[in-house]
Amino acid sequence: MKKIYLAIATACLSGMTFAQDAFWTVTNYRGAFPVTDGTPATDWTHGWTNFNPDTVNYSTNYTTTVSSDITTSTTWSGTILLQNKVYVKNNATLTIAPGTVIRGDKNTQGTLIVTRGAKINANGTAAQPIVFTSNQAVGNRAEGDWGGLVILGLARNNQPGGVANIEGLVPTTDTQFGGNFDNDNSGTIRYVRIEFAGIPLEPNKEINGITFGSVGSATTVEYVQVSKSGDDSFEWFGGTVNCKYLIAYRGLDDDFDTDFGYRGKVQFGLAIRDRLLSDAPGDSNCFESDNDATGSTAQPKTAPIFSNITIVGAKGDGTTTLPTGEKFEKAFRLRRNTATSCFNSLVTGWEKGLSIEGAPVVANVNGDTLVFANNILTNFAVPTYSTNNTAAVFNSGGSDAAFYNSFWTQKSNDSISTLAQVNWVNMFPALGIKPDARLNNGSIAASGASFLLNKFYSVSMPLIANTSVTYCQGATATALSATASSGNSLRWYTEATGGTASSNAIVPSTTSAGTFTYYVSQANTNGDESKRVAITVTVNANPSVPVITTNGPTVFCTGGDVVLSAPSATSYNWSNGSTTQTITVTASGSYTVTVSNAQGCTAASTPQSVNVSSAPAPSITASSLTGCTGETITLTSSTADSYSWSNGGTTQSITVSASGSFTVTTTNQNECDGVGASEAVNITFGTTPTAAGSFSTNGNVVTFTNASTSATAYNWNFGDGTNSSQTNPVHAFAVNGAYTVTLTAINGNCTDTETFTVNITLDVNDIEGVNDIKVYPNPAVNLLNVSFDNQLVENVEVTLIDALGRIIEKATAQDFGTNIVSFDLNNVSNGIYNVQLISGSNSTLRKVIVNK
């Protein structure tokens with residue numbers, strides 16, 4: 001019923017774009033169910049539905065009786081008695097627990113209305129569905145026992161001002177629906193049964209089983225069964241709510257009614273009719289759809305999309321006899337400028353199939369705003385479309401046989417297949433027995449579904465600057481390019497359908513020649529994806545690698561030439577700049593050619609060497625490249641007939657004693673043996689230093705003074721196995737003896753040496769006037785103490801010396817009486833050391849062991 005009271009609001013219009021929505025579950029099969037696997041996994045009606053609600057003994061032990069409006073968030077559970085028209089309002093949320101049963105009171109016309117801004121969260125489960133049903137006892141229940149469930153939202157509709165009052169209720173602000181928010185959220189309805197609703201509140205003003213008034217797309221509606229409704233099972237007035245898994249069972253009027261600009265998507269629906277239940281005042285259809293009551297052009301236009309619907313009319317498998325006066329009409333009654341589309345569905349049991357009524361709807365079909373495709377209408381009297389409808393509005397619209405034939409087969413609709421070919425598992429049991437609408441193996445409906453038509457898309461395709469790209473084989477390819485709309489993201493594929501998307505742009509392979517096709521789409525933040533745009537990449541083969549041929553020797557003297565030739569090609573590019581197939585070469589060099597084919601692809605040859613002798617290339621061998629003052633170096637030229645050196649020499653070999661850069665020019669009677677100058681050889685002579693020095697002795701400690709000249713480095717060999725590179729070293733000899741000390745003065749590779757004899761003669765026992773010498777602890781670890789009694793009041797020098805005679809530490813004590821000198825051994829390695837005490841010309845040694 002569509003008697004609507006209007007209120008004023010603002011509505012906006014939007015154009016239609018295309019992209020495959022994330023909502024759709026892509027199937028191969030047509031109809032609501034796949035091929036059976038013999039388990040509940042393929043039957044989404046399992047567990048939560050009831051196809052014989054007349055006999056269920058629902059509890060009358062009510063947990064709560066609800067008879068007044070709900071203005072604050074409330075939760076229901078158990079068994080609820082619903083009396084009167086109860087409005088959920090003031091933005092409250094009604095939460096209904098799984099397993100709850102709500103029994104609508106017949107006497108008070110119990111009805112539940114969720115107003116704009118409020119929510120219902122009826123989130124049942126397959127094991128514990130939520131049930132709205134009659135409060136009448138078994139045997140007394142009938143369609144229209146109570147009001148039904150009404151959901152009102154803030155999405156757009158096409159009524160004047162954008163706000164209207166829902167049918168069947170007295171107009172108030174609480175019955176208004178509509179607004180500007182297509183993504184409005186009225187809550188969740190999942191695993192819910194609605195039974196015996198649709199009470200006629202006034203004559204010809206029934207409420208539907210479930211009514212959606214401008215409900216938005218953020219609302220969730222899944223797994224809903226409406227049984228024995230006194231009016232339509234499901235009716236949508238405007239809005240964008242999407243629904244899945246709907247059952248319309250034995251309703252009185254229409255199964256699916258769409259009006260006032262409803263634009264949602266519905267997938268997986270089952271509709272089954274009872275031959276004894278039809279709308280006596282009007283007519284009963286499965287689908288009935290109008291843009292509005294007058295068939296105007298008001299926007300947004302009614303344009304829902306239905307897919308995978310299984311429909312069984314009152315005639316069932318065709319053996320059912322309809323009673324006299326029944327008002328069953330059409331599986332699809334599409335009229336009054338609607339653009340309702342249906343895909344991938346199975347239909348049988350109705351008197352008429354598809355009825356396109358009126359010129360505006362015909363225009364919608366011709367303009368593809370209404371699409372009827374990939375559907376099977378079986379067991380109808382031919383034709384399955386309704387050319388036998390004699391209503392004037394029908395015939396004046398141009399929907400005659402020629403019109404239907406213009407798109408029926410082209411849109412892959414099938415009216416030829418039989419019930420046996422569709423081959424349902426058990427589609428036609430007696431009413432009250434659960435049907436099995438799944439397909440048997442071999443069903444013609446197991447394939448043929450398609451989700452590639454534009455109607456399944458709501459996002460535009462991305463922009464592609466170049467849909468055809470060409471490369472040569474082996475070329476470096478760049479990533480394919482596309483531009484997504486603001487807020488969308490690109491998805492790249494290697495297949496036209498299916499496959500795995502990549503967010504990274506594809507870089508084509510150029511390894512093999514051929515034509516390759518890649519695809520790109522764009523998706524919005526909801527996951528809705530556009531059609532894929534194909535980008536063709538052609539990889540042209542390269543020409544064969546050219547081989548240069550020669551017409552003679554490639555080694556010759558000045559004045560000769562050789563002709564180099566490339567194989568036949570479209571164009572040529574030689575390394576010397578020539579562009580002909582052959583070139584004449586008179587100079588030495590390495591020559592290549594790059595050839596091109598008709599596609600502009602290239603291949604380069606390997607180099608061809610040509611050696612033209614026009615001058616000698618003499619070489620110089622040097623006995624050394626460096627020398628010292630007083631030495632000589634011999635330079636020798638390669639063999640020739642005559643020689644001319646840069647220093648005036650004319651022999652094959654010359655001797656030089658000073659630094660310089662030397663070349664030789666040679667001549668030969670046979671010019672092919674070469675004439676010309678060699679590359680320069682650089683000879684360097686360094687200055688020889690003079691080693692000289694002196695030393696002074698203090699006990700066993702010797703100080704050396706360096707007097708060398710022209711030296712840049714030094715090496716002192718002390719004759720006791722130790723060395724020093726210092727210029728003026730100081731060395732302590734560990735034991736008495738005569739030592740030969742050698743000084744080496746160094747300047748680059750040039751050296752000179754000088755030797756010295758150093759005699760060490762010390763008294764290593766006691767020092768007169770220095771008594772009671774003690775070295776402790778011994779072995780020492782971290783600290784070494786040296787104590788002695790000084791009776792001479794003279795300086796006593798105490799020195800720690802390693803086994804190689806190197807001074808480790810030194811200290812001086814001069815106090816009369818007892819003196820203690822301590823050495824820190826933390827940085828001293830383990831080993832045997834000497835402690836030397838020197839006073840005047842006398843000295844003594846003590847050995848100590850460091851062992852940490």
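A few notes on this one:
- DSSP beta bridge pairing in region 470-602, given as percent antiparallel to the nearest 5: 90 percent
- Pairs beyond 18 Å (Cα-Cα), from Lys411/Lys455; Lys89/Lys265; Lys244/Lys315; Lys244/Lys434; Lys327/Lys434: Lys89/Lys265; Lys244/Lys315; Lys244/Lys434; Lys327/Lys434
- Take 635-645, 333-343, 798-808 and order them by the average number of nearby Cβ atoms within 10 Å per residue, most first; the result is 333-343, 798-808, 635-645.
- Spatially proximal lysines relative to Lys847 (Cα-Cα < 26 Å; intrachain offsets below 8 disregarded): Lys774, Lys810
- Highest to lowest packing among 593-604, 68-79, 222-233, 367-378, scored as the average C-beta count within 10 Å: 222-233, 367-378, 593-604, 68-79
- Among beta bridges from DSSP that stay inside the chain, the antiparallel ones total about 50%.
- Solvent-accessible area, 1.4 Å probe, carbon plus sulfur percent, for region 483-568: 49 percent
- Normalised per residue, the accessible area of the chain is 42 Å², obtained with a 1.4 Å probe and no contribution from ligands, DNA or RNA.
- On the principal axes of its alpha-carbon atoms, the chain has extents of 147, 101, 53 Å, going from largest to smallest.
- In sequence order, calculated HN-Hα J values of region 726-733 (Karplus, 6.51, -1.76, 1.60; Hz; x Gly/Pro): 5, 5, 10, x, 10, 10, 9, 8
- Tensor-based shape of region 288-334 (alpha-carbon gyration tensor, a/c under 1.5 rounded, otherwise prolate or oblate): oblate
- In nm, spacing of pseudo-spin labels at Ser638 and Glu794 (7 Å Cα→C-beta vector): 8.0 nm
- Our summary gives region 592-677 a relative contact order of 29 percent, counting only alpha carbon pairs under 8 angstrom and 6 or more residues apart.
- Bridging of Lys531 to aspartates and glutamates at a Cα separation below 17 Å is possible for Asp21, Asp368, Glu495, once same-chain residues fewer than 8 apart are set aside.
- Top positive-direction residue, dipole computed over the chain with Cβ charges, set Thr75, Ile311, Thr639: Ile311
- Here the relative contact order of region 487-645, from alpha carbon pairs under 8 Å that lie six or more residues apart, stands at 16 percent.
- Unit charges at the beta carbon, dipole of the chain: most positive-side option, Ser341, Gly353, Tyr572: Gly353
- Surface calculation, 1.4 Å probe, protein heavy atoms: Asp824 sits at approximately 80 Å² accessible.
- Here the sum of -39500 (n - 2.57) over DSSP H runs of 4 or more residues, divided by the residues of the chain, equals -500 deg cm²/dmol at 222 nm, to the nearest 500.
- In the chain, Cα pairs under 8 Å separated by at least six residues give a relative contact order of 7 percent.
- Accessible surface of region 313-362, 1.4 Å probe, proportion on carbon and sulfur as whole %: 45 percent
The values are calculated or read from the model by the stated rules, or taken from the named source; none is laboratory data. Source: prediction; values computed, not measured. As a convention, Cβ positions derive from the backbone with ideal geometry for all residues, glycine included, and neighbour counts pool all protein chains shown. Just the protein is used for accessible areas: all its heavy atoms, side chains included, with ligands, DNA and RNA removed. Shrake-Rupley method; radii C 1.70, N 1.55, O 1.52, S 1.80 Å.
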